[in-house]
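> Structure below; questions to follow.
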């Protein structure tokens, strides 16, 4: 990895602290972690390569001593286990109980993986979070390259492999997930641009603009909203948590530069007639398939009625099998259908608590504040996107949760109360 692009390799940063055989094992493990998150951008089918890698990390990271377990993280896992338990209890009510149980088993695996990643981040927050984020940035670059190759049919067979429904999907099976996945690497690159000297900010800004092009070509309204919210929250928190007028001016200047760069990329993209037409079609609040009793909103009305009539839930995956032709398109309704009123409330509490925990941590620890701002901003945007789409099995959603909880755990262990952080390098 080039140091002028994404900074000194975080794996190399960890090496001076590692010596001997144990150090070699830890260094190799850090490389596996990076590779795991690099593969997180390849989800043509499930299980995906990242699932196999994550299963290995769930066993490997605690074994080599790279996981911290705190009371807060234990509580985080307990909430997830309770949510999954309500899902298993509701599974017998589904038309296909085995299908519902399988869905909940996947949720349990993702929750445990998120818990272990959070413990890994908490173990050495600055180094370990950057390893995770570095892998995700390169995954984002790779997925965007594939998406562009497919959308513009730059390689033989690329359009069939890397697009869906005339929209870029990159190395994902769904354009909506592709677009949403790219939000975290985009915001992290903006963070890198802010924390570096101006002469070294150009690369992360360029990468952010490039990945944002992938989000644009996904033509996912949810991903567009996700990016807009994440960038706005990121900019607000970055600006408001520094007391230096010079740093604030720098943030404003780089924000304008980023907007200009993204605007130029978007302007060039819409010169293509195909892009322009699809953009006009997608840039509306509602589509034809949203309205009517069999549309998205009609499905959500059915889901609300089922929620009110079934306090214990109807079982995972049963909504599309027995009541409507597509998913609920609201993760909070979906989780309530899966696990009843208790499961739905717990899921809302988990998301709200994550925001509270992250916000409290970024206000109390100046050293980790910039990374917490990235994690909290992107998670907040994904949590809000859950109102219009089902995110409960999105792998990057669990990674965002892990980053917030892991960084917050580390922040509480070394608090630096109300100290303004300088964003200048």
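> Looking at (1) more than 23 Å from the chain's Cα centre (by Cα); (2) modelled with pLDDT of 95 or more; (3) exposed (fewer than 13 other Cβ atoms within 10 Å of the Cβ), which one does residue 65 not meet, given that it meets all the others?
Result: residue 65 passes all but (2).
> Which condition number in (1) closer than 27 Å to residue 147 by Cα; (2) free of Cβ contacts under 8 Å to residues at least 60 places away in the same chain; (3) within 23 Å of the chain's Cα centre (by Cα) is the one that residue 239 fails?
Going through the list (1) closer than 27 Å to residue 147 by Cα; (2) free of Cβ contacts under 8 Å to residues at least 60 places away in the same chain; (3) within 23 Å of the chain's Cα centre (by Cα), residue 239 breaks only (1).
Every residue, every condition in (1) in contact with a strand residue (DSSP E or B) (Cβ under 7 Å, 6 or more places away or on another chain); (2) modelled with pLDDT of 95 or more; (3) under 19 Å from residue 106 (Cα atoms), yes or no:
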{"site": "324", "(1), (2), (3)": "no, no, no"}
{"site": "328", "(1), (2), (3)": "no, no, yes"}
{"site": "358", "(1), (2), (3)": "no, yes, no"}
{"site": "365", "(1), (2), (3)": "no, no, no"}
{"site": "374", "(1), (2), (3)": "no, yes, no"}
{"site": "389", "(1), (2), (3)": "no, no, yes"}
{"site": "396", "(1), (2), (3)": "no, yes, yes"}
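> Run residue 95 past the list (1) surrounded by fewer than 17 Cβ atoms within 10 Å (Cβ to Cβ); (2) in a helix (DSSP H, G or I) and report the number of the one that doesn't hold.
The single condition residue 95 does not satisfy is (2).
> So residue 23 ticks every box in (1) part of a helix (DSSP H, G or I); (2) at pLDDT below 95; (3) closer than 30 Å to residue 178 by Cα; (4) in contact with a helix residue (DSSP H, G or I) (Cβ under 9 Å, 6 or more places away or on another chain) but one. Which box is left unticked?
Only one criterion in (1) part of a helix (DSSP H, G or I); (2) at pLDDT below 95; (3) closer than 30 Å to residue 178 by Cα; (4) in contact with a helix residue (DSSP H, G or I) (Cβ under 9 Å, 6 or more places away or on another chain) is unmet by residue 23, namely (3).
> Moving to a separate point now. When the residues of the stretch 221-271 are narrowed to those that are modelled with pLDDT of 80 or more and in a loop (DSSP other than H, G, I, E, B), which ends up nearest to residue 380 (Cα to Cα)?
241
> Another question, then. Please name all residue pairs, on different chains or six or more residues apart, with Cβ atoms under 6 Å, provided the first residue is in the stretch 63-89 and is over 21 Å from residue 405 (Cα atoms) and the second residue is assigned to a loop (DSSP other than H, G, I, E, B).
From residues that are over 21 Å from residue 405 (Cα atoms), the pairs are 87/316.
> Something else now. Check every one of the helices (runs of 4 or more DSSP H) wholly within the stretch 285-396 and list those with 1 or more residues that are in contact (Cβ under 8 Å) with a residue 40 or more places away in the chain, touching a helix residue (DSSP H, G or I) at 6+ places or on another chain (Cβ under 9 Å) and on the phi > 0 side of the Ramachandran plot.
Details: elements: 296-309, 318-322, 331-364, 369-385.
Qualifying helices (runs of 4 or more DSSP H): 331-364.
> Looking at (1) closer than 30 Å to residue 275 by Cβ; (2) out of contact with any helix residue (DSSP H, G or I) (no Cβ under 6 Å at 6 or more places or on another chain), can you tell me which one residue 124 breaks?
(1)
> Given the residues 133, 145, 126, which is the only one that is out of contact with any strand residue (DSSP E or B) (no Cβ under 6 Å at 6 or more places or on another chain) and either part of a strand (DSSP E or B) or farther than 30 Å from residue 367 by Cβ (or both)? Working first, answer last.
Numbers: 133 fails: either part of a strand (DSSP E or B) or farther than 30 Å from residue 367 by Cβ (or both); 126 fails: either part of a strand (DSSP E or B) or farther than 30 Å from residue 367 by Cβ (or both).
None of the other options fit; the residue is 145.
The values are calculated or read from the model by the stated rules, or taken from the named source; none is laboratory data. Not measured: the values here are computed from a predicted model. Using ideal geometry, Cβ is built from the backbone for each residue, glycine included, and neighbour counts are taken over all protein chains shown.
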